[in-house]
Structures are given as structure tokens and as C-alpha cells.
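A.B. asks: One structure is given below, represented as C-alpha cells, and several questions about it will come after.
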Amino acid sequence: MRALRLRPSSALAIYAHPDDADVAAGGLMAQWASEGIDVHLIVICDGAKGSHSPHLEASVIRETRKEELESAAHVLGARTVTSLDWPDGTVTNSLELRERLVGLVRSFKPEVVLGPDPTATFFGEVYVNHRDHRETGWALLDAVAPAAAMPLYFPDQGPPHQVSVLLLSGTHEPDVVADVSKTIDTKVKAILAHASQLAGDAEAIRDVVYERAEQAGRPVGVAFGESFRCVELAF
Ligand SMILES: [Zn+2]
């Protein structure tokens, strides 16, 4: 495990649901944004199935989550947020999604892409990684390496762009830790912006975020960290 020392020219986070980026990488995104680095966010799903209540209409949830996403992205300091409005639960690593992602990568031209590690399926004995997370991870890997960098893939989607570094969150094989000690409270605030998704009060959620970040930071000696699998793409 090593400390992540990277100050990219720009970063693009690609996540499945409106609250995924904040939980996975909100501290690092906020840190980079605070340093003047352009951080962009793409959310694939509309979030409309994000409720256990049988009494809520999907259209109401969709609107609520859109507003929450805007607030959270503002808290993080993201320069843009793009919703692709795929219905929750329908993400597949399809040609259609890869083409959209290639077009977006080529237009934002990020040095770094952040997103979910698709190889992580089980977390302990209590959680199965959401299918949308896994499919988003596969689609972004295929879109970035190699499609976006090669002109004959999706030639209608703009000139090729080579992403230099992939940072994959929610991974079982982390090898870098970003120091998010300065932005941990911004991360908490961004997570709290997704009020419709929260079970528990703000204090309890802050405690969980703190605890996980303390654990992640420990191997590299920082107070709060976020860990990633880092892939430095050779080209
Ligand atoms: Zn999610």
C-alpha cells in the first residue's frame, strides 16, 4: 500500500447511482476540486428505484434524487455533473453504454478516471455488490482501455483521448490511499445531501464515514483516507 501522490490536470468520476461517488471517492474529489483541478461527475442511473418503501412513486424518487445529486456535486466542488438517466437495475456493459462513455471521456479529456472496481462481488458475508456497480465498472474499463484512445473505436464520438490513470473504488485489491484528512467533513456533507437514502441520523452517518476513512488511512499513516486500485495505463 502506498500513499497516492497525484495532482492530475483533470479527473472524471463515473458511477452508477446518484450517491455512489460521494461514498467511494468524495474526499479525493473534493480535495482535487479545492486545489483548482477540474473534477467532473457522470452518474449513469436515475436512482428511481432507490427506496424500500412500497408507497413511493418512482417519478418522485427520481426528482428527489436529481436534486440531491446536484446539491452533493456542488458540495464536492464538481465542475459538471452529467446524468445519463438509465433506469436503476438496467445497466449492462453494452455497446450503447460504452459508446456514450467513450464520447464523454473524449469530450472531458480527463487525466484520471475514477469508478467502481467491477471484480468485487462479495463484501464479507453481508453484502453483494450491486449489479449496476459491477456493470458500470466493466463498461468504464472497456471504454477507457482501450476504446477511447483508439480512433477506429466509435469514430463518431470525437478525437481519441488516452486516460493516464484509473482509480477503482470498492475494491478488494487496493494499492493506493488518498489522504482526505482535509476534506473528510466535505465528504460527510455530500453524503448527507442524499437525504432520501440515509438510514440513521447525521451523527451516526458521520461516525461510520469517519471510521471507514480512519481504517483506510491507517496503512499510510494519514488520519483519514480513501483507498483505490490504481492502474497506470501504458501507452
Ligand atoms: Zn450504488
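A.B. asks: State yes or no: is Pro146 within 25 Å of Leu97 (Cβ to Cβ), out of contact with any strand residue (DSSP E or B) (no Cβ under 7 Å at 6 or more places or on another chain) and without any contact (Cβ under 8 Å) to a residue 24 or more places away in the chain?
C.D. replies: Values: within 25 Å of Leu97 (Cβ to Cβ): yes; out of contact with any strand residue (DSSP E or B) (no Cβ under 7 Å at 6 or more places or on another chain): yes; without any contact (Cβ under 8 Å) to a residue 24 or more places away in the chain: yes.
Taking the combined requirement at face value, the residue satisfies it.
A.B. asks: Follow-up. Only one residue in Asp132, Asp185 is surrounded by fewer than 17 Cβ atoms within 10 Å (Cβ to Cβ) and in a helix (DSSP H, G or I), so which one is that? Step through it out loud before you land on a result.
C.D. replies: On the way: Asp132 fails: surrounded by fewer than 17 Cβ atoms within 10 Å (Cβ to Cβ).
The match here is Asp185.
A.B. asks: Report whether or not Asp179 is closer than 19 Å to Ala25 by Cβ, more than 16 Å from the chain's Cα centre (by Cα), away from the ligand (no atom under 16 Å from the Cβ) and of a type outside the set (Phe, Trp, Tyr). If you could, list the steps in order and put the result at the bottom.
C.D. replies: Numbers: closer than 19 Å to Ala25 by Cβ: yes; more than 16 Å from the chain's Cα centre (by Cα): yes; away from the ligand (no atom under 16 Å from the Cβ): yes; of a type outside the set (Phe, Trp, Tyr): yes.
The answer is yes for Asp179.
A.B. asks: Same structure, new question: How about the stretch 164-176: which of its residues are more than 15 Å from the ligand (Cβ to nearest atom) and surrounded by 22 or more Cβ atoms within 10 Å (Cβ to Cβ)?
C.D. replies: Listed by number, the list holds a single entry, Leu167.
A.B. asks: Still on this model: Within the stretch 5-33, work out how many residues are part of a strand (DSSP E or B), over 17 Å from Trp86 (Cα atoms) and of a type outside the set (Ser, Thr, Tyr).
C.D. replies: Result for the stretch 5-33: 2.
A.B. asks: In the stretch 53-65, how many are of a type in the set (Asp, Glu) and surrounded by fewer than 12 Cβ atoms within 10 Å (Cβ to Cβ)?
C.D. replies: If we filter the stretch 53-65 for residues that are of a type in the set (Asp, Glu), which is where we start, we get 57, 63.
With surrounded by fewer than 12 Cβ atoms within 10 Å (Cβ to Cβ) added as a condition, the list becomes 57.
Count: 1.
A.B. asks: Is it true that Glu211 is farther than 16 Å from Leu12 by Cα and within 16 Å of the ligand (Cβ to nearest atom)? Walk me through it before giving the result.
C.D. replies: Numbers: farther than 16 Å from Leu12 by Cα: yes; within 16 Å of the ligand (Cβ to nearest atom): no.
Criteria not met by Glu211.
A.B. asks: Go through the stretch 96-144 and count every residue that is modelled with pLDDT of 95 or more, away from the ligand (no atom under 16 Å from the Cβ) and charged (D, E, K, R).
C.D. replies: The total comes to 8.
A.B. asks: Is it true that some residue in the stretch 42-52 is surrounded by fewer than 20 Cβ atoms within 10 Å (Cβ to Cβ) and away from the ligand (no atom under 16 Å from the Cβ)?
C.D. replies: So in the stretch 42-52, the residues surrounded by fewer than 20 Cβ atoms within 10 Å (Cβ to Cβ) come out as 49, 51-52.
After this cut, where a residue has to be away from the ligand (no atom under 16 Å from the Cβ) as well, the list is none.
No, there is no match, as no residue in the stretch 42-52 is surrounded by fewer than 20 Cβ atoms within 10 Å (Cβ to Cβ) and away from the ligand (no atom under 16 Å from the Cβ).
A.B. asks: Identify all residues within the stretch 188-204 that are part of a helix (DSSP H, G or I), of a type outside the set (Val, Ile, Thr) and without any contact (Cβ under 8 Å) to a residue 60 or more places away in the chain; write none if there are none. It would help to see each step written out before you state the result.
C.D. replies: Kept after step one, since they are part of a helix (DSSP H, G or I), are these residues of the stretch 188-204: 188-192, 195-197, 202-204.
Now narrow it down to the ones that are of a type outside the set (Val, Ile, Thr): 189-190, 192, 195-197, 202-204.
Matches in the stretch 188-204: Leu192, Ala202, Glu203, Ala204.
A.B. asks: With Gly36, Gly50 as the choices, which residue is more than 8 Å from the chain's Cα centre (by Cα), closer than 18 Å to Asp179 by Cα and assigned to a loop (DSSP other than H, G, I, E, B)? Full working, then the answer.
C.D. replies: On the way: Gly50 fails: closer than 18 Å to Asp179 by Cα.
Result: Gly36 is the single residue among Gly36, Gly50 that is more than 8 Å from the chain's Cα centre (by Cα), closer than 18 Å to Asp179 by Cα and assigned to a loop (DSSP other than H, G, I, E, B).
The values are calculated or read from the model by the stated rules, or taken from the named source; none is laboratory data. Only a predicted model underlies this, so the values are computations on that prediction, with no experimental measurement involved. Cβ: placed from backbone, ideal geometry, glycine included. Neighbour counts: every protein chain shown.
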